[in-house]
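Presented below is the structure to which this report refers.
The values are calculated or read from the model by the stated rules, or taken from the named source; none is laboratory data. Values in this document were obtained by computation on a predicted structure and should not be read as measured data. Using ideal geometry, Cβ is built from the backbone for each residue, glycine included, and neighbour counts are taken over all protein chains shown.
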Amino acid sequence: MPGEGQRLRRRKFLELSAAAATAAGLSSCGRSGGGPYWRFFSASEAAAVTAICARIIPADDYPSAAEAGVPRFLDRQLVGHYRKHQEAYRQGLRAVEEASRARHQKSFAALSEEEQDEILREIEEKQAEFFAMIRNHIMQGYYGDPRHGGNREAVSWKMLGLPNPPVRGRLPYERRSA
(Lines give C-alpha, C1' and ligand atoms only; values in the text may rest on other atoms or scores of the structure.)
Protein backbone atom coordinates (compact mmCIF):
# COMPACT_ATOMS: atom_id res chain seq x y z
CA MET A 1 0.00 0.00 0.00
CA PRO A 2 1.56 3.36 -1.00
CA GLY A 3 0.40 5.23 2.11
CA GLU A 4 2.24 2.89 4.53
CA GLY A 5 5.56 3.08 2.71
CA GLN A 6 5.28 6.82 2.58
CA ARG A 7 4.59 6.98 6.33
CA LEU A 8 7.59 4.81 7.09
CA ARG A 9 9.82 6.99 4.99
CA ARG A 10 8.40 10.09 6.62
CA ARG A 11 8.86 8.61 10.10
CA LYS A 12 12.43 7.60 9.29
CA PHE A 13 13.08 11.08 7.91
CA LEU A 14 11.80 12.68 11.12
CA GLU A 15 13.94 10.34 13.25
CA LEU A 16 17.04 11.12 11.23
CA SER A 17 16.29 14.85 11.30
CA ALA A 18 15.96 14.82 15.08
CA ALA A 19 19.22 12.87 15.42
CA ALA A 20 21.04 15.27 13.08
CA ALA A 21 19.75 18.32 14.95
CA THR A 22 20.88 16.84 18.26
CA ALA A 23 24.31 15.98 16.88
CA ALA A 24 24.71 19.47 15.43
CA GLY A 25 23.83 21.02 18.77
CA LEU A 26 26.22 18.79 20.69
CA SER A 27 29.10 19.40 18.29
CA SER A 28 29.19 23.08 19.23
CA CYS A 29 28.94 22.60 23.01
CA GLY A 30 32.65 23.11 23.63
CA ARG A 31 32.89 26.05 21.28
CA SER A 32 31.10 28.79 23.15
CA GLY A 33 32.75 31.63 25.08
CA GLY A 34 35.56 30.83 27.47
CA GLY A 35 36.26 27.39 26.05
CA PRO A 36 39.38 26.24 24.25
CA TYR A 37 37.93 26.94 20.82
CA TRP A 38 39.70 29.46 18.60
CA ARG A 39 38.62 30.17 15.04
CA PHE A 40 41.96 31.44 13.73
CA PHE A 41 44.65 31.16 16.41
CA SER A 42 46.29 27.92 17.46
CA ALA A 43 46.43 27.37 21.24
CA SER A 44 50.02 28.65 21.42
CA GLU A 45 49.22 31.70 19.25
CA ALA A 46 46.18 32.42 21.43
CA ALA A 47 48.37 32.30 24.55
CA ALA A 48 50.87 34.70 22.97
CA VAL A 49 48.13 37.08 21.78
CA THR A 50 46.54 37.05 25.23
CA ALA A 51 49.88 37.95 26.82
CA ILE A 52 50.51 40.68 24.22
CA CYS A 53 47.06 42.16 24.90
CA ALA A 54 47.78 42.17 28.64
CA ARG A 55 51.04 44.09 28.07
CA ILE A 56 49.74 46.61 25.50
CA ILE A 57 46.82 47.57 27.77
CA PRO A 58 47.66 46.26 31.25
CA ALA A 59 45.21 46.10 34.13
CA ASP A 60 45.05 48.97 36.58
CA ASP A 61 41.79 50.05 38.20
CA TYR A 62 40.14 48.59 35.09
CA PRO A 63 40.62 45.26 33.30
CA SER A 64 43.47 44.67 30.86
CA ALA A 65 42.81 44.17 27.16
CA ALA A 66 43.16 40.44 27.74
CA GLU A 67 40.55 40.53 30.51
CA ALA A 68 38.25 42.67 28.35
CA GLY A 69 38.02 39.94 25.69
CA VAL A 70 40.33 41.47 23.10
CA PRO A 71 42.02 38.13 22.20
CA ARG A 72 38.60 36.74 21.22
CA PHE A 73 37.86 39.96 19.32
CA LEU A 74 41.10 39.53 17.32
CA ASP A 75 40.39 35.86 16.68
CA ARG A 76 36.87 36.66 15.50
CA GLN A 77 38.00 39.53 13.28
CA LEU A 78 40.80 37.49 11.67
CA VAL A 79 38.21 35.17 10.15
CA GLY A 80 36.12 38.19 9.15
CA HIS A 81 37.06 41.80 8.46
CA TYR A 82 40.77 41.36 9.29
CA ARG A 83 41.11 38.28 7.06
CA LYS A 84 43.68 40.03 4.86
CA HIS A 85 46.00 40.26 7.90
CA GLN A 86 46.08 36.52 8.64
CA GLU A 87 49.54 35.89 7.22
CA ALA A 88 50.97 38.99 8.93
CA TYR A 89 49.66 37.68 12.26
CA ARG A 90 51.11 34.21 11.66
CA GLN A 91 54.53 35.65 10.78
CA GLY A 92 54.47 38.27 13.54
CA LEU A 93 53.50 35.81 16.25
CA ARG A 94 56.15 33.41 14.98
CA ALA A 95 58.73 36.22 15.34
CA VAL A 96 57.53 36.90 18.90
CA GLU A 97 57.92 33.22 19.82
CA GLU A 98 61.31 32.91 18.14
CA ALA A 99 62.63 35.99 19.97
CA SER A 100 61.28 34.65 23.28
CA ARG A 101 62.85 31.23 22.86
CA ALA A 102 66.16 32.63 21.57
CA ARG A 103 66.50 35.01 24.49
CA HIS A 104 64.80 33.18 27.37
CA GLN A 105 64.23 29.58 26.21
CA LYS A 106 60.51 29.93 27.00
CA SER A 107 57.34 30.72 25.12
CA PHE A 108 56.27 34.36 25.18
CA ALA A 109 53.27 33.58 27.39
CA ALA A 110 55.55 31.93 29.98
CA LEU A 111 57.82 34.97 30.36
CA SER A 112 57.64 37.49 33.19
CA GLU A 113 56.02 40.84 32.40
CA GLU A 114 59.44 42.50 32.26
CA GLU A 115 60.73 39.87 29.82
CA GLN A 116 57.58 40.21 27.71
CA ASP A 117 58.06 43.98 27.57
CA GLU A 118 61.67 43.46 26.47
CA ILE A 119 60.56 41.15 23.64
CA LEU A 120 57.79 43.56 22.60
CA ARG A 121 60.28 46.45 22.42
CA GLU A 122 62.46 44.28 20.17
CA ILE A 123 59.46 43.39 17.98
CA GLU A 124 58.43 47.06 17.85
CA GLU A 125 61.89 47.86 16.48
CA LYS A 126 62.46 44.87 14.16
CA GLN A 127 58.87 44.09 13.13
CA ALA A 128 57.47 47.64 13.27
CA GLU A 129 54.66 47.02 10.80
CA PHE A 130 53.35 43.98 12.69
CA PHE A 131 53.70 45.71 16.05
CA ALA A 132 51.80 48.80 14.86
CA MET A 133 49.07 46.61 13.36
CA ILE A 134 48.51 44.43 16.43
CA ARG A 135 48.65 47.44 18.75
CA ASN A 136 46.06 49.21 16.58
CA HIS A 137 43.82 46.13 16.50
CA ILE A 138 44.11 45.74 20.28
CA MET A 139 43.04 49.36 20.71
CA GLN A 140 40.09 48.79 18.37
CA GLY A 141 39.06 45.73 20.37
CA TYR A 142 39.43 47.47 23.73
CA TYR A 143 37.74 50.77 22.88
CA GLY A 144 35.30 49.57 20.22
CA ASP A 145 31.71 48.46 20.44
CA PRO A 146 31.28 45.32 22.57
CA ARG A 147 29.07 43.77 19.90
CA HIS A 148 32.25 43.05 17.92
CA GLY A 149 33.63 40.78 20.63
CA GLY A 150 35.99 43.03 22.60
CA ASN A 151 35.42 45.66 25.29
CA ARG A 152 33.59 43.07 27.38
CA GLU A 153 30.89 44.69 29.51
CA ALA A 154 31.90 48.05 27.98
CA VAL A 155 34.80 48.32 30.46
CA SER A 156 36.69 50.96 28.48
CA TRP A 157 33.58 53.08 28.06
CA LYS A 158 32.98 52.90 31.82
CA MET A 159 36.62 53.86 32.39
CA LEU A 160 36.16 56.91 30.17
CA GLY A 161 32.82 57.78 31.75
CA LEU A 162 30.92 57.20 28.52
CA PRO A 163 27.37 55.86 28.43
CA ASN A 164 26.68 52.97 26.13
CA PRO A 165 26.20 54.63 22.74
CA PRO A 166 22.68 54.73 21.28
CA VAL A 167 21.63 52.48 18.46
CA ARG A 168 22.94 53.80 15.18
CA GLY A 169 20.48 54.70 12.46
CA ARG A 170 16.89 55.72 12.73
CA LEU A 171 14.83 54.53 15.63
CA PRO A 172 11.30 53.36 14.76
CA TYR A 173 9.67 56.40 16.38
CA GLU A 174 11.79 58.96 14.53
CA ARG A 175 10.10 60.50 11.53
CA ARG A 176 11.91 61.75 8.49
CA SER A 177 11.44 65.41 7.81
CA ALA A 178 10.15 66.01 4.31
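Observations on the structure shown:
- Per-region count, the range 78-88, residues under 13 Å from the mean Cα position of the chain (by Cα) and either surrounded by 21 or more Cβ atoms within 10 Å (Cβ to Cβ) or of a type in the set (A, V, I, L, M, F, W, C) (or both): 2
- Among the residues listed as Y143, Y89, the single one being hydroxyl-bearing (S, T, Y), on the phi < 0 side of the Ramachandran plot and at pLDDT below 95: Y143
- The residue pairs whose first member lies in the range 157-168 and is within 16 Å of D61 (Cα to Cα), whose second member is at pLDDT below 80 and of a type outside the set (A, V, I, L, M), and whose beta carbons are closer than 9 Å, counting only pairs six or more residues apart or on different chains, are W157/P163; W157/N164; W157/P165.
- As for the range 127-141, it holds at least one residue that is surrounded by fewer than 13 Cβ atoms within 10 Å (Cβ to Cβ) and over 28 Å from L162 (Cβ atoms).
- Leading residue by the ranking (surrounded by the most Cβ atoms within 10 Å (Cβ to Cβ)) among those in the range 146-166 that are at positive phi and in a helix (DSSP H, G or I): A154
- Scope the range 92-103; condition in contact with a helix residue (DSSP H, G or I) (Cβ under 8 Å, 6 or more places away or on another chain) and either at pLDDT below 95 or surrounded by fewer than 16 Cβ atoms within 10 Å (Cβ to Cβ) (or both); matching residues: R103
- Residue within the range 132-144 that is of a type outside the set (S, T, N, Q), within 14 Å of the chain's Cα centre (by Cα) and not in a helix (DSSP H, G or I) present: yes
- Meets criteria (surrounded by fewer than 10 Cβ atoms within 10 Å (Cβ to Cβ) and either modelled with pLDDT of 65 or more or within 19 Å of R152 (Cβ to Cβ) (or both)) for S32: yes
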